[in-house]
Amino acid sequence: MFAGLRLRHWRAEADADGIVTLTLDRADASVNAMAPAVLREFDQALDRLVIEPPAGLIVRSGKAAGFIAGADIHEFAQYEKTGSVRAVIEYGQRVYQKLASLPCPSVAAIHGHCMGGGSELALACTYRVASSDPKTRIGLPEVMLGIHPGWGGTARLPRLIGALQALPLMLTGKTVAADKARALGLVDRVAAPEALLDAARTLLRQRPSRPFVQRLRAWASNRWIARQLLAPLLRKQTAAKVRKQHYPAPFALIEVWRRGGSDVRQRLKLEADSVVRLASTPTARNLVRVFFLQERLKTLAGDTAHGIAHVHVIGAGVMGGDIAAWCAYRGFSVSLQDREMKVIEPALARAQTLFGKRLKTPARVAAAQARLHADVEGTQAAAADLVLEAIYENLDAKRALYAATQPNLRAAALLASNTSSIPLNELARGLNAPERFIGLHFFNPVAQMPLVEVVRHARLAADTEQRALAFCRAIDKLPVPVRGSPGFLVNRILMPYMLEAIRALGEGIPGAVLDRAARGFGMPMGPIELADTVGLDVAASVGLELAPFLGLELPQGVSRLLDAGKRGKKDGQGFYRWQDGKPVKPEVPKDYRAPDDLELRLIAPMLNEAVACLAEGVVDDADLLDAGVIFGTGFAPFRGGPITYIRDVGADALRAQLEQLAARHGPRFAPRPGWDNPALRAIP
C-alpha cells in the first residue's frame, strides 16, 4: 500500500484485520510538531489510503512525551514574515479534510499533550480515544498566540460537542484532561496507556454512533437562530475579560462561528480568512514573541542536573508555606520549619487545598501530603539538598539565620533566600560557603505566578546558578537570572508604578479610575487593587528598601492604613474594602474626568526603570528583561514587554514624554540613564 513512499517522519503498519496504523515520530525532534514536512508526508500517506482504503486507520504518536504539540510555531512566525500564512492554512485544511473524508473510519489514539494542530487532526478523525495518564491534556490554545484554530478547529469542534461546550475551550485556550474530554464528548473512550491501541481497534470494529443527547446538543446550538442569539452574549462575556483592541482573536473566533453554515467548506474558508487577518496584527506578533521568550526561559539551565530531592523551607508564612506546598506538589520531599506548630498549621491547610484542586484523586492527594511535613526544630535542614529561607524582610534576621543554619548543611546543599528586595551581596556577607548561596525570589500567589527570579551575587558559583535554574524548571517555574541589586528586576520596575498610583490616589484621583487607566493600557490588574492584593505591609517593606535607591518617596497613605491595622485583601480592608475575595470600589461620580495624561503617568515610570535596569545589566539582555516583566508582573503581553513597547512607540518619543511629565509633575519622571541604548531602537 505504501510501497515507494519515502516517509521520514511517519511509520505505516497494517495488521491482519486490514487496519493501518500511522505513527508520527518526527525525526530529529523530541516532540511531535506539525511542521510542513510532516504535513506533506501525511498528505502523501492519505493519498494512498484514498486509493486503497483499509478497514480502518489509527493515527498515533511514537513519542513518549505526547501526541502532537501543534503546528511548528517557529515556522509559523516565518510564514507571517513572508506573507505565506494563507497558503499554509489552506494546505493544512485540505489535508485534514482529506482525512475527514476517507472512505474508512479513523481514530486518533491520544496520549500526553494534544494541542492546536494535533487536536485539529484528532477532530478530523471519525473517533478519538485518550490515555488515562494524568499527563494527557487536549486543547486548542491558539488564542494565546493572537490567532484562533485554523486547520478546522472552529469548523469541527462546535459541531462535535456543541457550541456552548466548544467555544469556551477555544476562547480561553484551556486544556482538558482525558476524563473531562470524555464527559464533553471530545473523545469517545478513555483507556489505560497500555490499552490505548486495543481501544482504538475496538472503536474501528464496533463503529459506535455518538450519543443522542450529544448529537442533539450539537445540532441545536449550531442552528442559525442559535448562533445569532448566542454570539452577542459570548461577545459580551469575552469583553468583560479582555478588550477587543488588545486581543482581537476571541472576538474574531465568535464571528467565524456566528457566520458559519452547514457546509464545512464554507466554515473552513471563514476560518482561514480570519486567521490570515489575525496573523498580521501586532498582537499576534507580540504574543508569538512571548511564546519564544517563554521557551528561552525553559532552556536556560541546559542539561544541568539540579541534584535536589529534599527541600527544607524556613518560614511558614504565606510565601514560605506556599513555596513548600508547591515543591511537594511537584514531587519533592519537603520539610517546613517555623518557630511554632501553630504557625505551620495554616500553611499545611493551604497545601491540602492546593493538592485537592490540582491532583483530584485521593491517592495522588495523599501522596503529596506525605511529601510535606512540619519540622519545628529544623532538624531536617541537615538532610536537605536545598534550604530556602522565606522569613520577613530584615537583613540582620536573615543573616543570623544563615549563620545558625549553614554550618549544619550538607557539603553540596544549596542555601537560598526568597528575599524580594535585599541585595544578595549584603546577605552573603559572612557566609562560609557564599558560592552555594543564591536568591530564589518567588511571586505571590506562588501557584499562579510562573516566574522565579534567580538572583546573583559577586561570589556565586556558576554551577550553583545552573542548578538553581534547573530546579526552577523541575517545579514548573520560569527562571530569569537577575543581578542582586535592590529590588532585582520585577519589584524595581513595578514599585515606581505602584508608588505613582498611590501618590495620585492621595491627590484625589479615585482608585477605580487609576485601576481602569492601567487596565486600559493592558495591565491585568490596576495598581491600587494590586497593592491591596500584594499586601500593604509587603508593599511598604519593599518600598522602604527601594525608595531611597530609586530616589523616590513613600506616600503617606500607606503608613496611615498600616497604623490602623489595614493591610489590604488579607485583612479585608486596605485602600479598598474586600468582600468574598473581591474589592468593593467606591463609585466614581459620572461627571468625573480623569486627567488626560493619567495612563502615561502610571506606565512611564515602569518604562523609565526598565531602561535603567537594561543599562545597568540587571538582566543579560532586552529579551530577558521583557520576559521577566511579562511573567512577573503581567505587563500587557500583547505589547511584547516594556522594551518591545519602547521600540514600537519610539524611544525618542517616549523620552520626550517623560521630560514633559517631569516638567508637569516633578523630577521623579526625569529620564533615567540608558535612553540612548541601541537596544531600544526598532530591530529591522
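Worth a mention:
- Local electrostatic count at Cys613 - Lys and Arg +1, Asp and Glu -1, tallied over other residues with Cβ under 10 Å: +1
- When each of the peptides 586-592, 133-139 is scored by how many other beta carbons lie within 10 Å of its residues on average, the order from highest to lowest is 133-139, 586-592.
- Proximal lysines to Lys236, defined as alpha-carbon separation beneath 17 angstrom and excluding residues fewer than eight positions away on the same chain: Lys244
- Cα centroid of segment 324-350 to Cα centroid of segment 405-468, whole Å: 19
- Sum of side-chain charges, Gln228 neighbourhood, beta-carbon under 11 Å (Lys, Arg +1; Asp, Glu -1): +4
- Nonlocal amide H pairs with Gln573, under 5 Å, H built at 1.01 Å: Arg567, Gly568, Trp578
- Around the Cα centre of segment 599-680, unit charges on the Cβ atoms of Lys, Arg, Asp and Glu (plus for the first two, minus for the last two) sum to a dipole of about 400 debye.
- In order along segment 59-72, the Karplus-derived 3J(HN,Hα) couplings, from 6.51 cos²θ - 1.76 cosθ + 1.60 at θ = phi - 60°, round to 10, 9, 10, x, 9, 5, 5, x, 6, 9, 7, x, 6, 7 Hz, and Gly and Pro are given as x.
- The antiparallel fraction among DSSP beta bridges confined to the chain stands at about 25%.
- The Cα center of segment 1-54 and the Cα center of segment 135-213 differ in position by 22 Å.
- Furthest towards positive pole of dipole, Gly568, Leu287, Ala328, structure part the chain, Cβ charges: Leu287
- Modelled label reach - Arg410, point 7 Å along Cα→Cβ, segment 314-332 residues with backbone N closer than 18 Å: 314, 327-328, 331-332
- Relative contact order of the chain, pairs being alpha-carbon contacts under 8 Å that are 6 or more residues apart, as %: 8
- Degrees between helix 395-405 axis and first principal axis of the chain (Cα, 0 to 90, nearest 10): 70
- Residue-span extension gain [Glu340 to Gln352] - 0.36 nm each, minus C-alpha spacing: 2.4 nm
- In summary, the lysines within cross-link reach of Lys477, defined as a Cα separation below 19 angstrom excluding same-chain residues under 8 places away, comprise Lys135, Lys174, Lys298, Lys357.
- Under 5 Å from the amide H of Leu451 lie the amide H atoms of Leu478, each residue being 5 or more positions distant or on a separate chain, with H modelled from the backbone and absent for Pro and chain starts.
- Computed helical MRE - 222 nm, the chain, DSSP H runs ≥ 4 contributing -39500 (n - 2.57), nearest 500: -15500 deg cm²/dmol
- Diffusion constant of segment 10-280 at 4 °C, which comes from Stokes-Einstein with the Kirkwood Cα-pair radius and 1.567 mPa s, µm²/s: 69
- For Cα Rg over 2.2 N^0.38 Å, the candidate list reads [x] 1.03; [y] 1.38; [z] 1.09; the entry that matches the value derived from this model is [x].
- On the basis of the beta-carbon distance and an R0 of 35 Å, Lys570 and Arg664 show a calculated FRET efficiency of 0.45.
- Within segment 10-280: Cβ-based charge dipole about Cα centre, in debye rounded to nearest 20 (Lys, Arg +1; Asp, Glu -1): 1380
- Just so you know, the Cα atoms of segment 599-680 work out to an Rg and Dmax of 11.9, 34 Å.
- Working ranking of peptides 379-385, 540-546 by packing, defined as the average number of other Cβ atoms within 10 Å per residue, highest first, is 540-546, 379-385.
- ³J(HN,Hα) computed for each position of segment 598-606 - Karplus, 6.51 cos²θ - 1.76 cosθ + 1.60, integer Hz, glycine/proline x: 5, 4, 4, 4, 7, 7, 4, x, 5
- Computed from backbone phi, the HN-Hα couplings of segment 263-275 come to 8, 4, 5, 5, 5, 5, 5, 4, 4, 5, 4, 5, 5 Hz, rounded to whole numbers (Karplus: 6.51 cos²θ - 1.76 cosθ + 1.60, θ = phi - 60°; Gly and Pro given as x).
- Taking the average, over residues, of other Cβ atoms within 10 Å as the packing measure, peptides 42-53, 152-163, 270-281 rank 152-163, 270-281, 42-53 from highest down.
- Lys, Arg +1 and Asp, Glu -1 on Cβ, resulting dipole of the chain about Cα centre, debye, nearest 20: 2460
No lab work stands behind these numbers, since they all come straight from the coordinates. Every value quoted in this text rests on a predicted model; they were computed, and no experiment measured them. Using ideal geometry, Cβ is built from the backbone for each residue, glycine included, and neighbour counts are taken over all protein chains shown.
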